[in-house]
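Below you'll find the structure, written out as structure tokens, and then a few comments.
Since every read-out is calculated from the coordinates, none of them should be taken as a lab result. All values reported here derive from a predicted model rather than from experimental measurement. Neighbour counts are summed over all protein chains in view; Cβ atoms, including those assigned to glycine, are modelled from backbone coordinates with ideal geometry.
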Amino acid sequence: MTPAAARVEEAAPVSVRGRPLAAMGWMLFACFLFVIMSVAAKRAMTELSFLEVASGRAGFGAIVIFAWARMRGVSLVVHDRRAQWSRTAAGVTSMFFGFYALSRLPLGDAVTLANLTPLILAVSSRRVLGERAGNGLFLAVVLGLGGVAMLAGASFSHGFGFLAFGAAVAGAVCSAVAMIFLRRLGPRESSEGVSLHFAVWASLITFVIGLPWLRVPSPGALLSLVIAGMSGGFAQVFMTKAYGLDKAARVSAVSYSGVVMSQIFGVLILHESPSVRQLAGAGLVVASGLFLVGGALRERSS
């Protein structure tokens, strides 16, 4: 066992063996809230810079996380400060690149590239965390990635630029690094404390960097920021809890469900008609998710 694997086993002796389905449930709920956040942030970006939107999302999210923790009497102390700062640094960098890509690319394209994160985790989790992904899990991630590509139909030939494409990929890589540090923190750390640390610093850093482009938001843009912050804040807590309960690669693979949710929101709210290609992609994503749940059930019963 590698030193990294030993630290994970010590920090989370129950999570790796015991609660994969609970982790998937928390991640599914987080995905739903992240979809709400993305839609609200995209609307705010029609008026405000991506840095101001990122700062508002993180700032309002920090308020939600703090209030939620106080209401439940949860400690905000994180004991592994080194892993916490590493997670925050990677998360802030990922937010910077991700929000820039979201402001320049269509929502579907940005979501497609963001979902490179699970594949990166599946490839790296064994070496970094000492977790065995297995051939079945890798196949599930590949199926999900193929479904995401079909759903979003990433088309980068419409003048959006290589810079935005590169930023989205860089954001996915940084997100994978942040998820690895979340896994190292384990379930004994406060999900609210970990999330609050990230949200506060993300808000401050993006606000300072974005000062030259700062604008007073209209009521509509302010409402979008509040919605993005509240949904993103709760999603951050639930995602952090999920990564503390199960293997990083499997939990992250469940995030493909967010793409399916985006398509459902498009039909119900935006009255979009999905193409055959989009429906086929949704089928691949659902198949990937069912494959993962089946694996979790088999692991639980073994």
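Were the residues from F265 through A287 laid out at 0.36 nm apart, the gain over their Cα-Cα distance would be 5.9 nm. FRET efficiency for the pair R277 and L204, taken as 1/(1 + (r/R0)^6) with r the Cβ-Cβ distance and R0 = 45 Å, rounds to 0.60. Between L223 and V142, what FRET efficiency follows from the Cβ-Cβ distance if R0 is 41 Å, with the result rounded to 0.05? FRET efficiency, L223 to V142: 0.55.
What does the net charge come to around I227 if you take all other residues with beta carbon closer than 10 Å to its beta carbon, with K and R at +1 and D and E at -1?
Working: positive: R43, R57; negative: none.
Neighbourhood net charge equals +2.
One chain, two ends: W213 and L163. Fully extended at 0.36 nm per residue, the span grows by 16.1 nm beyond their Cα-Cα distance.
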